[in-house]
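Comments concern the structure below.
The values are calculated or read from the model by the stated rules, or taken from the named source; none is laboratory data. Because the structure is predicted, anything quoted here is derived from the model rather than measured. Note that each Cβ is placed from the backbone with ideal geometry, even for glycine, and that neighbours are counted across all protein chains shown. To get the accessible areas, we keep the full protein, side chains included, count just its heavy atoms, and leave off ligands, DNA and RNA. Shrake-Rupley method; radii C 1.70, N 1.55, O 1.52, S 1.80 Å.
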Amino acid sequence: MTGTPRILLTNDDGVDAPGLAALAAAAAALGDVTVVAPASDQSGASHALTIRRPVHLTALRPGWFAADGTPTDCVNLAFFHVLDRAPDLVLSGVNAGFNMGEDVTYSGTVAGALEGRLLGAPSLAVSTAHDAGPGEFAAAAAVAVRLAREVLARGLPLDAFLNVNVPRGATGFRVTRQGRRLTKDGLRAERDGGSTRYWVGLAPSDWHDDPGSDAAAVRDGVISVTPLHADLTFFRALPILEGWKLPGGGPGGDRA
Ligand code: MN
């Protein structure tokens with residue numbers, strides 16, 4: 001990398017979210033900041049691309065753009081339209097609400113960093129408590145900048161990107177693995193005139209007590225740094241499936 005680092009910011013809470021403002025203010029110390037973020041709250045959008053309608057991009061003010069799409073749309077617009085070359089780093093957040101365990105697969109915040117990684121830039125997602133105030137968003141943004149300096153200096157190993165969760169008042173760091181959710185029933189029914197309607201995704205945040213997990217770090221009041229990658233292959237299951245000796249002659253299959 002030569003010259004001033006170019007930093008792309010996105011989020012899933014929307015372009016007006018206080019966590020994004022805090023991150024932009026902090027990231028200015030890293031280099032030239034460009035923000036391309038969803039026009040509205042896209043929490044839970046995961047890694048979705050908007051493919052059934054066109055996406056509109058609006059220039060809000062210098063360096064700030066909003067798109068009526070998902071975080072993944074925003075990162076693509078930034079890489080292939082807004083910026084004249086790929087950014088040196090992608091930061092996604094600061095999300096209002098931790099992104100831990102299997103929740104990373106629902107998270108638009110994590111997906112913003114994932115997309116940056118897939119397009120070739122080192123990236124990190126940063127989240128804090130759902131009820132964070134300005135001071136807590138600023139603290140989480142400072143954590144992101146602290147890690148971003150490491151990433152800019154060292155790069156990231158292999159295809160990794162970072163999922164960072166910053167609990168209230170935390171200063172120490174812990175490298176963690178993705179935890180596991182305990183509660184899965186997040187459904188609530190309510191009457192709507194003559195019919196019933198349902199809210200989904202309301203499962204409380206209960207976690208297995210895995211000592212090395214993201215959730216354990218947050219419970220302990222420590223900053224959690226989890227390396228993630230896009231490859232969801234469950235490598236320990238490969239030899240088991242190979243033992244099925246499925247016909248077709250694929251790896252481990254029936255070659256007779
Ligand atoms: Mn969100």
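For region 237-243, putting each phi into the Karplus relation 6.51 cos²θ - 1.76 cosθ + 1.60 with θ = phi - 60° gives couplings of 7, 4, x, 5, 5, 4, x Hz, in residue order, rounded to whole numbers and with x for Gly and Pro. Rounded to the nearest 0.05, the FRET efficiency derived from the C-beta distance between W244 and D185 at R0 = 30 Å is 0.40. Sorted from greatest to least, the principal axis extents spanned by the alpha carbons of region 85-131 come out as 36, 19, 11 Å. Viscosity 0.890 mPa s, temperature 25 °C: Stokes-Einstein D of region 119-177 from its Kirkwood Cα radius, in µm² per second? In µm²/s, the coefficient is 199. For region 48-95, the Kirkwood estimate of hydrodynamic radius, built from reciprocal distances between every pair of different alpha carbons, is 11.6 Å. For region 178-190, the Karplus equation 6.51 cos²θ - 1.76 cosθ + 1.60, evaluated at θ = phi - 60°, returns couplings of 4, x, 10, 6, 8, 8, 10, 7, x, 9, 9, 9, 9 Hz by residue, with Gly and Pro reported as x. Label region 134-256 by shape, choosing from rounded, prolate and oblate, from the square roots a ≥ b ≥ c of the eigenvalues of the Cα gyration tensor; if a/c is under 1.5 it is rounded, and otherwise prolate applies when a/b is larger than b/c, oblate when it is not. Verdict is oblate for region 134-256. Within region 103-241, DSSP assigns beta bridges of which about 55% are antiparallel (rounded to the nearest 5). Under 5 Å between amide H atoms, partner at least 5 residues away or on a different chain: which partners does G44 have, H built in plane at 1.01 Å? Placed amide hydrogens put G108, T109 under 5 Å from G44.
Computed over protein heavy atoms with a 1.4 Å probe, the accessible surface of the chain works out to 52 Å² per residue. Short-range pairs are left out: with C-alpha atoms under 8 Å and at least six residues apart, the relative contact order of the chain is 17 percent. For region 55-71, putting each phi into the Karplus relation 6.51 cos²θ - 1.76 cosθ + 1.60 with θ = phi - 60° gives couplings of 10, 9, 10, 10, 7, 8, 6, x, x, 10, 9, 10, 10, 7, x, 8, x Hz, in residue order, rounded to whole numbers and with x for Gly and Pro. Here the chain has 57 percent of its accessible surface on carbon and sulfur atoms, given a 1.4 Å probe and all protein chains in place.
Here the peptides 4-14, 215-225, 174-184 are ranked by packing, the mean other Cβ count within 10 Å, and the order with the highest first is 4-14, 215-225, 174-184.
For region 105-170, the relative contact order is 44 percent, taking Cα pairs closer than 8 Å that sit 6 or more residues apart in sequence and dividing their mean separation by the residue count. Taking a ≥ b ≥ c as the square roots of the eigenvalues of the alpha-carbon gyration tensor, the chain is classed rounded because a/c is under 1.5. Most tightly packed first, judged by the mean number of other beta-carbon atoms within 10 Å of their residues, the peptides 229-235, 27-33, 58-64 read 27-33, 58-64, 229-235. Mean sequence separation of contacting Cα pairs (under 8 Å, at least six apart), scaled by the length of region 17-108, corresponds to a relative contact order of 36 percent.
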